[in-house]
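Laboratory data are not the source of any read-out in this text; all were calculated from the coordinates shown. It should be emphasised that the depicted structure is a prediction, and the values quoted were computed from it without experimental measurement. Positions of Cβ are backbone-derived with ideal geometry, glycine not excepted, and every protein chain shown enters the neighbour counts.
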Amino acid sequence: MKRTGRAVMLVFVLLMGLVLVNAGTTVSYADTFFTEGDFRYAVTTGDKVLLAGYNGDSMDVVLPEAVNGRAVVGVRTGSFENASIHSVVIPEGYTTIGAFAFSGCQSLETVLLPASLKTIGMMAFNDCSTLSEIDFDAAKQLESISFGAFRNCPSLSGVYLPETITEIGDNAFAPANAVICFEDTAAAAYCQNSGAAQAQILKKIMGDVNFDTDVNINDVTAIQRHLCESERFAPYQMITADRNGDGRVSVDDATLIQMLIAEFDIQW
């Protein structure tokens, strides 16, 4: 009896000591809460403000950048769990999406991520069955996607995972959605280790816009079509089309590729 009591107490202590850490933001039971307008907020032990809930009626939600003159830096654990929303816009300044933040949002279709985002927590979008559009390329600083983050999201496919990502947890995209990534990246390693049969692992050759592993006139034509807006490049095409590395796709890139094809002596 005495031994059983100690075991129960140990389990209780372990559960009460559990915290979830995302990008240096600790979420614990010591957080304090307040409500302003349609949103609920949490102030963490580190004095950071996180979004903690939504009380509004709109199905299309734009998260607030600040409250009472203080910046909001992330979405707290479980904030929108099972909420009936169609879309969410996460503004600049948010660095983390906590565990289970949008889990079970069966009506959620579109998520816009900010460039400032660094981490997506465990099971953050688990069971979002209608989620079909999320642009990871917009999250220019995204570093990690945790375990089961997009588990059971069957409508999500053709997702490009940028090279900034250094860590992807197990079953992050289970079942294996059609993830697109470059060779020799954390995303490629994830796809290979998880046996993601639908994954497209691309060879990164600057100037090879159509990914046929050759730089030729077809790539020039594709860039020209993109510039006259008759063809829209995917995020990964924008990277290889930027042949001169100036951060944009322009006629200069098409010209350089033409010169390369013509075997001009160019110092790259």
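Quickly rank 50-62, 198-210 as a protection proxy: mean count of other C-beta atoms within 10 Å, highest first.
Ranking the peptides 50-62, 198-210 by packing returns 198-210, 50-62.
Hey, which aspartates and glutamates would be in cross-link range of Lys203, C-alpha to C-alpha under 14 Å, not counting anything within fewer than 8 residues on its own chain?
Result set, ordered by chain and number: Glu163, Glu183, Asp184, Asp212, Asp214.
Pull out the extension gain between Glu92 and Ser230, defined as 0.36 nm times the separation in residues minus the alpha carbon to alpha carbon distance; nm, one decimal.
46.6 nm
What is the stretch 126-268 by shape, rounded, prolate or oblate, if you read a ≥ b ≥ c off the alpha carbon gyration tensor as root eigenvalues and call it rounded for a/c under 1.5, prolate for a/b larger than b/c, and oblate otherwise?
Here the stretch 126-268 falls in the prolate category.
How many percent of Cα pairs in the stretch 204-268 exceed 21 Å?
Distances greater than 21 Å cover 10 percent of the Cα pairs.
From the square roots a ≥ b ≥ c of the eigenvalues of the alpha-carbon gyration tensor of the stretch 19-202, which class results: rounded (a/c under 1.5), prolate (a/b over b/c), or oblate?
Cα axes put the stretch 19-202 in the prolate bin.
What FRET efficiency comes out for Thr255 versus Val62 if R0 is 51 angstrom and r is the Cβ-Cβ distance? Round to the nearest 0.05.
Using R0 = 51 Å, I get an efficiency of 0.80.
Using label points projected 7 Å from each Cα along Cα→Cβ, tell me how many nm separate Thr213 and Val43, to one decimal.
Distance between the two pseudo-spin positions: 5.9 nm.
Return the aspartates and glutamates within reach of Lys48: Cα separation strictly under 14 angstrom, same-chain partners fewer than 8 residues apart disregarded; answer none if there are no such residues.
Asp31, Glu65
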